[in-house]
Amino acid sequence: MKKFLALVFILASVTFASAAENSGKIPVKVLILPKFEAGDIKGDFPGEAQFYYEAFLDGGQTYEIKGGFENSKLYVKNGVALYITGMGKVNAALSTMAVLNDERFDFSDAYIISTGCAGGARDFAVMGDVFLITAAVDYDLGHHFDIRDMKDKNSTTWFHDKSYDNASLVKLNTKLIDKLYDLVKNVKLETTEFTRETMKKEFNNASWAVREPKVLQGTTATSDNFWKGIYDHNNALLITKTYECRDPFAVSEMEDIAIGLALKRMNMLERYIIIRDVVNMDVFILNSTPENLFETSLSLASENNMEALDIFPTAMKNNFAVGSIIINAIVNSELL
């Protein structure tokens, strides 16, 4: 029986490769979707794409994508592809659809990996963590009100509207995500001393805040707004609870549910993977306020950045340490 199953797998693999070859299309096993790059695609301060490009795409082919994000190229090499989508839900969804609808490529068996940085949920995440996401919720869909207009000034300000439910939740293939998590859960992640001491000081030595970063599972809240603060944090907790997500609210970002909805329309949601690293927190630290946050937050490359401290390049390395294992497992057919 084992020999028979092995033969079936070999024949299926040959059939897929032959079909792709006969169609003239370029087969893609993994499509990596970072959202931005800090500078050049290689050799300088890393953004979300650089480590993946250098390891998997350098020296490969480059393609223009019709209807894609301005100045972005699709990089392809040895069955791995990468495309920088642009930030925000609209850019992410349109870029994803543009790439997947390009008839030069065969994505029929491809795994889609959304990767990038995120804000960590207070009381759960620490800067430097890497999360494999099991569900994405839309932070924006529903009804939001200004706390100054509400009778209860301590209330959450988001209210559920069931008419949005078909677009406000994407549950990933947890069987796949759990299998991937088993591959990477023990990957050793790094932090910096400045980040470690800041987390300890800002959160009063709380046990959740002083642990070392690690690989975890969680729910992500996607919003087109950069939000921060305890009211919005509580909104994210409520949204995650309302949609009955399996895992806790872990990170906030700006693209993942949009990519998920695009994949759902393409019947590719079962092979969707989200890898997010934490580079800031979803509440204010270091005496920052809404009024002064962007006056005092410097570039990501600055060690004096009020938001990301000095953790950004380290968190990108952590993301890649996890993501590279997953990509290699897919390319080498180890997920079967």
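The values are calculated or read from the model by the stated rules, or taken from the named source; none is laboratory data. Just so it is clear, the structure is predicted and the values come from calculations on it, not from any experiment. Every residue, glycine among them, receives a Cβ derived from its backbone with ideal geometry; neighbour counts consider all protein chains shown.
Out of the residues in region 67-88 that are small (Gly, Ala, Ser) and in contact (Cβ under 8 Å) with a residue 24 or more places away in the chain, which is surrounded by the most Cβ atoms within 10 Å (Cβ to Cβ)? Let's see the steps before the verdict.
Filtering region 67-88 for residues small (Gly, Ala, Ser) gives 67-68, 72, 79, 81, 86, 88.
Cutting the leftovers down to in contact (Cβ under 8 Å) with a residue 24 or more places away in the chain gives us 67-68, 79, 81, 86, 88.
On the way: GLY67: 11, GLY68: 23, GLY79: 16, ALA81: 26, GLY86: 18, GLY88: 17.
In this case the residue turns out to be ALA81.
Give the residue that is nearest to the chain's Cα centre (by Cα), with candidates limited to residues of region 255-274 that are surrounded by 22 or more Cβ atoms within 10 Å (Cβ to Cβ) and closer than 20 Å to VAL184 by Cα.
ILE274
Within region 200-214, does at least one residue satisfy the condition of being surrounded by fewer than 22 Cβ atoms within 10 Å (Cβ to Cβ), of a type outside the set (Gly, Ala, Ser), at positive phi and free of Cβ contacts under 8 Å to residues at least 60 places away in the same chain?
Yes; the residues of region 200-214 include at least one that is surrounded by fewer than 22 Cβ atoms within 10 Å (Cβ to Cβ), of a type outside the set (Gly, Ala, Ser), at positive phi and free of Cβ contacts under 8 Å to residues at least 60 places away in the same chain.
Regarding region 257-271, can at least one residue be identified that is among the aliphatic types (A, V, I, L, M), in contact with a strand residue (DSSP E or B) (Cβ under 6 Å, 6 or more places away or on another chain) and closer than 17 Å to GLY47 by Cβ? Quick ask: steps written out before the conclusion?
Here is the first cut: in region 257-271, the residues among the aliphatic types (A, V, I, L, M) are 257-259, 261-263, 266, 268-269.
Applying the additional criterion that residues be in contact with a strand residue (DSSP E or B) (Cβ under 6 Å, 6 or more places away or on another chain) yields 257, 259, 263.
So of that shortlist, the ones also closer than 17 Å to GLY47 by Cβ come out as none.
Within region 257-271, not a single residue is among the aliphatic types (A, V, I, L, M), in contact with a strand residue (DSSP E or B) (Cβ under 6 Å, 6 or more places away or on another chain) and closer than 17 Å to GLY47 by Cβ.
Within region 37-62, how many residues turn out to be under 22 Å from ASN91 (Cα atoms) and surrounded by fewer than 17 Cβ atoms within 10 Å (Cβ to Cβ)?
3
Name the residue, out of ASP310, ASP282, ASP232, ASP277, that is surrounded by 19 or more Cβ atoms within 10 Å (Cβ to Cβ), within 30 Å of ASN205 (Cβ to Cβ) and modelled with pLDDT under 95.
Details: ASP282 fails: modelled with pLDDT under 95; ASP232 fails: modelled with pLDDT under 95; ASP277 fails: modelled with pLDDT under 95.
Of ASP310, ASP282, ASP232, ASP277, the one residue that is surrounded by 19 or more Cβ atoms within 10 Å (Cβ to Cβ), within 30 Å of ASN205 (Cβ to Cβ) and modelled with pLDDT under 95 is ASP310.
Can you say whether ASP129 is more than 30 Å from LEU335 (Cβ to Cβ) and either free of Cβ contacts under 8 Å to residues at least 12 places away in the same chain or not polar (S, T, N, Q) (or both), as far as the supplied structure shows? Don't jump to the end; show me each part of the working.
Numbers: more than 30 Å from LEU335 (Cβ to Cβ): no; either free of Cβ contacts under 8 Å to residues at least 12 places away in the same chain or not polar (S, T, N, Q) (or both): yes.
The answer is no for ASP129.
Can you tell me which residue in region 319-336 is nearest to VAL278 (Cα to Cα), limited to those that are out of contact with any Cys (no Cβ under 9 Å at 6 or more places or on another chain), polar (S, T, N, Q) and touching a residue at least 12 places away in the same chain (Cβ under 8 Å)? Spell out the reasoning first.
Taking region 319-336 first, the residues out of contact with any Cys (no Cβ under 9 Å at 6 or more places or on another chain) are 320-336.
Still in the running and polar (S, T, N, Q): 324, 328, 332-333.
Among the residues that remain, those that are also touching a residue at least 12 places away in the same chain (Cβ under 8 Å) are: 324, 333.
On the way: SER324: 17, SER333: 29 Å.
The extreme case among them is SER324.
What is the number of the single condition among (1) modelled with pLDDT of 95 or more; (2) farther than 30 Å from LYS185 by Cα that PRO290 does not meet?
Tallying (1) modelled with pLDDT of 95 or more; (2) farther than 30 Å from LYS185 by Cα, PRO290 fails exactly one: (1).
Output yes when any residue across region 136-158 is at positive phi and either touching a His at 6+ places or on another chain (Cβ under 8 Å) or surrounded by 11 or more Cβ atoms within 10 Å (Cβ to Cβ) (or both), and no when none is. Before the answer, list the steps.
Filtering region 136-158 down to residues at positive phi leaves 142.
From what is left, the residues that are either touching a His at 6+ places or on another chain (Cβ under 8 Å) or surrounded by 11 or more Cβ atoms within 10 Å (Cβ to Cβ) (or both) are 142.
Among the residues of region 136-158, at least one is at positive phi and either touching a His at 6+ places or on another chain (Cβ under 8 Å) or surrounded by 11 or more Cβ atoms within 10 Å (Cβ to Cβ) (or both), which makes the answer yes.
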